[in-house]
Amino acid sequence: MKSPFETILKNRSYIVKSKRLAGGYVNSVALITTIGKDGKKQKYILKKYNSEKAINEMLRGYSLILHIVPTPFIVYINKEKLQVAFEYIEGKDIFQMIKSKDPKVHHAFKILAKELEKLHRYKLFNPHYRKGNSPDERKMISHCIQSIKKNNIGDIQANKILHEIQAYIPKTKSIIHGDAHLRNFVYYQGIIYFIDSDNVKVGDLNADLGRLLSYLDIMEDKKHLSAKDA
């Protein structure tokens with residue numbers, strides 16, 4: 001069944017092709033390609049969310065980062081159908097750059113560091129912190145428990161990690177991406193684009209930095225990166 005967005009494009013005399021992509025916890029994703037009468041191609045990312053709450057949270061996050069860091073523009077919103085279409089950004093995400101040993105990957109990371117600093121520069125001092133019940137804290141504790149079950153860490157190390165998580169209170173909160181893994185940063189013509197604003201929020205900037213570092217650690221473990229490059 002065609003989406004309303006595809007129907008609009010077809011009614012404007014475009015040839016429309018749709019390809020399903022991997023989605024996240026709150027959405028499904030499709031790549032929409034249009035071909036005009038002049039043969040020119042245009043691409044869009046169409047997301048369908050699983051609830052009105054999810055789409056509203058994304059739009060709030062999108063409004064936070066839109067004028068701070070490069071991010072794809074929204075070209076279509078249909079809240080009734082829970083659908084949003086974004087412009088498609090050409091280029092490679094940083095995960096692809098690392099796997100393909102792209103020589104520009106170090107340059108891309110330097111740009112990403114500067115863009116994250118711009119995003120994190122917005123701070124709220126003395127934030128209200130839900131001690132013992134913040135989403136980030138619950139997630140970190142869950143990851144620690146999973147690592148114990150997989151025998152990746154021992155009891156002594158686990159107890160130390162759990163103590164640090166439960167004792168930690170950030171001094172400030174910033175605008176953060178909230179899902180800062182390597183596939184969510186696309187490098188194109190010297191610019192890093194922040195994609196997937198579903199988890200953008202005001203939170204602890206170390207959540208972004210820690211997620212990036214953990215992915216670099218994973219890529220080193222999988223031999224995609226040398227220890228020096230990581």
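The values are calculated or read from the model by the stated rules, or taken from the named source; none is laboratory data. Keep in mind it's a predicted model, so treat the numbers as computed, not measured. A quick note on method: Cβ atoms are made from the backbone with ideal geometry, for glycine too, and the neighbour counts reach across all protein chains shown.
Below is a table of values for the structure above.
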| item | result |
| --- | --- |
| The one condition in (1) among the β-branched types (Val, Ile, Thr); (2) over 15 Å from residue 197 (Cα atoms); (3) in a loop (DSSP other than H, G, I, E, B) that residue 98 fails to fulfil | (3) |
| Filter result for the condition that a residue is at negative phi and in a strand (DSSP E or B), over 8, 32 | 32 |
| Residues (surrounded by 15 or more Cβ atoms within 10 Å (Cβ to Cβ) and under 13 Å from residue 195 (Cβ atoms)) located in the stretch 67-86 | 69, 70, 71, 72, 74, 84, 86 |
| Odd one out for residue 162 among (1) of a type outside the set (Phe, Trp, Tyr); (2) touching a helix residue (DSSP H, G or I) at 6+ places or on another chain (Cβ under 7 Å); (3) modelled with pLDDT of 90 or more | (3) |
| Criterion (loosely packed, with under 14 Cβ neighbours inside 10 Å and either more than 30 Å from residue 21 (Cα to Cα) or of a type in the set (A, V, I, L, M, F, W, C) (or both)) met by exactly one of 192, 169, 165, 176 | 169 |
| Matching residues in the stretch 42-82 - criterion: being among the hydrophobic types (A, V, I, L, M, F, W, C), in a strand (DSSP E or B) and within 24 Å of residue 112 (Cα to Cα) | 45, 74 |
| Qualifying positions in the stretch 43-58 - over 13 Å from residue 196 (Cβ atoms) and either basic (Lys, Arg) or surrounded by fewer than 15 Cβ atoms within 10 Å (Cβ to Cβ) (or both) | 43, 48, 50, 51, 52, 53, 56 |
| Subset of the stretch 62-81 [without any contact (Cβ under 8 Å) to a residue 12 or more places away in the chain and not aliphatic (A, V, I, L, M)] | 63, 67, 80 |
| In the stretch 202-217, the residues that are surrounded by fewer than 15 Cβ atoms within 10 Å (Cβ to Cβ) and either assigned to a loop (DSSP other than H, G, I, E, B) or not hydroxyl-bearing (Ser, Thr, Tyr) (or both) | 210, 213, 217 |
